[in-house]
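Worksheet: the structure to be examined is printed underneath.
The values are calculated or read from the model by the stated rules, or taken from the named source; none is laboratory data. Worth saying up front: this structure is predicted, and the values here are computed from it rather than measured. Neighbour counts run over all protein chains shown; Cβ positions are idealised from the backbone, glycine included. Accessible surface areas use protein heavy atoms only, side chains included; no ligands, DNA or RNA. Shrake-Rupley method; radii C 1.70, N 1.55, O 1.52, S 1.80 Å.
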Amino acid sequence: MAQYIPIERDQTPWWEPPAAPAASPWRVPLFDLSFGREEVSAVTQVLRSGWLTMGRRTQELEEAFASEVGAPFALAVSNGTAALHLANLGLGLGPGDEVITTPLTFVATANSIVITGAKPVFADIIGPEDLNLDPAEVERRLTPRTKAVTVVHYGGNSCRLDEICQIAQSRGLAVIEDCAHAPGASHQGRPCGTWGLAGCFSFYSNKNLTTGEGGMVVTSDAALAQRLELLRSHGVTASVQERHQGGTALYDVAAVGCNYRIDEMRAALGLCQLSRLAERNRRRQKIGRYYRQLLAGEERLVLPFAGAVDSARHIFPVLLHRRVDRDAFREAMHARGVQTSIHYPPVHQFSWYRRHLPQAPGSLARAEDAGAREVTLPLYPEMGLNQVGLVAEAVAGALEEAWR
Ligand SMILES: *Cc1c(COP(=O)(O)O)cnc(C)c1O
């Protein structure tokens, strides 16, 4: 292994600061990275330390993240999908099991269920004002095979965790929280990720806290934490570092696990990012409030999550009036230099899911309606309020052009 060979620690600066990023074709991009000198220096220190795989910084990140979200245990992993898969494996999901979840999410939420052999059962969302899973629909989809409910906090706005956890608890089901959008968010004062059995976070490039690729699972269940730790690293009972330090090659394999470890470069990035998460989330909220103020009188738009409190404000979704042609709207936005996106094409409408999990027509009508009308506007912490104004102006013009 490369890191066992001491790397040369010369003092000459071998590192060249990156050239200024290529000029963006957008006046306002959908999102932008927030990196500073600290990140560059933290990663450089790791490279110079000679230890790249999971070690001291990973442990520091886990401890800091656990304390930030108020969970007793946190395990850093290689990405958000790995976090979800690991939680599902830790729960013992397999063929014959069903997991109720939302179709209005990134496909990884459902894929991480399918990949265990279990079946995702899609339940509809609340509606245009709240794009999260509807507790009443969850209840309707329960069967004797239901083992868990996987919720998503769409855009960093908490779903109705109190109601869903109550439904789950009364039937002995686990709740897994896909918190990819929701680091730092909370529901009724209690952090997202700590309501369910496990909270799964993503540190992908465009998420609120980014390490490029990365993720985290948090739980308050000590036995589960131990099992997840085992499954994260091949099911092997001693870590590489312990083996290295103990000078022993002896280890046992107690389960069939994955390699879902993070590395020290990413952990170092994560520590820097975590220290500014709360401040950046506040900035996101401020931008969200300004959007809402500027777009408030626009009758051709629905602005979901009007009453959201303690949101991580990952994205700013709007729903277009049925008479607005979405493709034309997005083209008109792009022509004005404003990048947009769609969150999400509903999972059950993708070809694999249509083939293997066909849904009764109309059974997920609200998710389909939202999926067809949603457009995501730019939002990132460094976005200037003048840029928010520019986007709002573009929206007004694009609505005119795309009205049918
Ligand atoms: C990003 C995301 C994931 C997957 O995270 P990765 O780190 O990209 O694997 C899962 N669920 C949701 C809702 C996401 O937005």
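Taking R0 as 45 Å, what FRET efficiency do you get between Glu38 and His334 from their Cβ-Cβ distance, rounded to the nearest 0.05?
0.85
Assuming R0 = 25 Å, what is the FRET efficiency of Cys258 and Asp221, from their Cβ-Cβ distance, to the nearest 0.05?
Numbers: r = 20 Å, r/R0 = 0.78.
Computed FRET efficiency for Cys258 and Asp221: 0.80.
Quote the FRET efficiency, to the nearest 0.05, computed for Val309 versus Arg145 with a Förster distance R0 of 45 Å and r equal to the Cβ-Cβ distance. Before the final figure, lay out the partial values.
Working: r = 36 Å, r/R0 = 0.79.
Efficiency, rounded to the nearest 0.05: 0.80.
Against the empirical curve 2.2 N^0.38 Å, the C-alpha radius of gyration of the chain lands at a ratio of 1.03.
Express in nm, to one decimal, how much length is gained between Ala64 and Ala278 on full extension, taking 0.36 nm for each residue of separation and deducting their alpha carbon distance. Before the final figure, lay out the partial values.
On the way: separation 214, 0.36 × 214 = 77.04 nm, distance 1.30 nm.
Using 0.36 nm per residue and subtracting the Cα-Cα distance, I get 75.7 nm.
Partner lysines whose Cα lies under 23 Å from the Cα of Lys119, excluding those fewer than 8 positions away in the same chain, are identified as Lys147. Partner lysines whose Cα lies under 19 Å from the Cα of Lys286, excluding those fewer than 8 positions away in the same chain, are identified as Lys207.
Since only His234, Ser158, Val253 are under comparison, the one whose Cα sits farthest along the positive direction of the charge dipole of the chain, derived from C-beta charges on Lys, Arg, Asp and Glu, is Ser158.
For the peptides 64-74, 125-135, 165-175, what is the packing order when you average, over each peptide's residues, the other Cβ atoms within 10 Å and list the highest mean first? Each step should come with its number before you reach the end.
Numbers: 64-74: 18.0, 125-135: 21.5, 165-175: 16.1.
The most tightly packed comes first, giving 125-135, 64-74, 165-175.
Give me the percent of DSSP beta bridges within the stretch 170-241 that run antiparallel, rounded to the nearest 5. Write out the running numbers ahead of the final one.
Details: 6 of 10 bridges.
So the antiparallel bridges in the stretch 170-241 amount to around 60 percent.
For the listed peptides 230-236, 372-378, 98-104, a ranking on the average number of other beta carbons within 10 Å per residue, highest first, reads 98-104, 372-378, 230-236.
Relative to one another, the C-alpha centroids of the stretch 70-121 and the stretch 133-166 are positioned 14 Å apart. Placing a label point 7 Å from the Cα of His356 along the Cα-to-Cβ direction, the residues of the stretch 63-93 whose backbone N falls under 15 Å of that point are 85.
Based on protein heavy atoms only, the chain ends up with 45 Å² per residue of surface accessible to a 1.4 Å probe.
Highest average first, the peptides 268-275, 212-219, 151-158, 328-335 ordered by how many other beta carbon atoms sit within 10 Å of their residues are 151-158, 212-219, 268-275, 328-335. Counting only DSSP beta bridges with both residues in the chain, the antiparallel share comes to about 55 percent. Placing unit charges on the Cβ atoms only, positive for Lys and Arg and negative for Asp and Glu, gives the chain a dipole magnitude near 300 debye about its Cα centre. Note on the chain: with a GNM built from Cα contacts shorter than 10 Å, the maximum mean-square fluctuation among Asn259, Asn111, Asn386 falls on Asn386. Remark: spin-label model distance Ser24-Arg190 equals 3.8 nm, labels positioned 7 Å along the Cα→Cβ axis. Working from Cα pairs under 8 Å separated by at least six residues, relative contact order for the chain is 21 percent.
Across the stretch 266-339, the mean sequence separation of Cα contacts (distance under 8 Å, 6 or more residues apart), normalised by length, yields a relative contact order of 27 percent.
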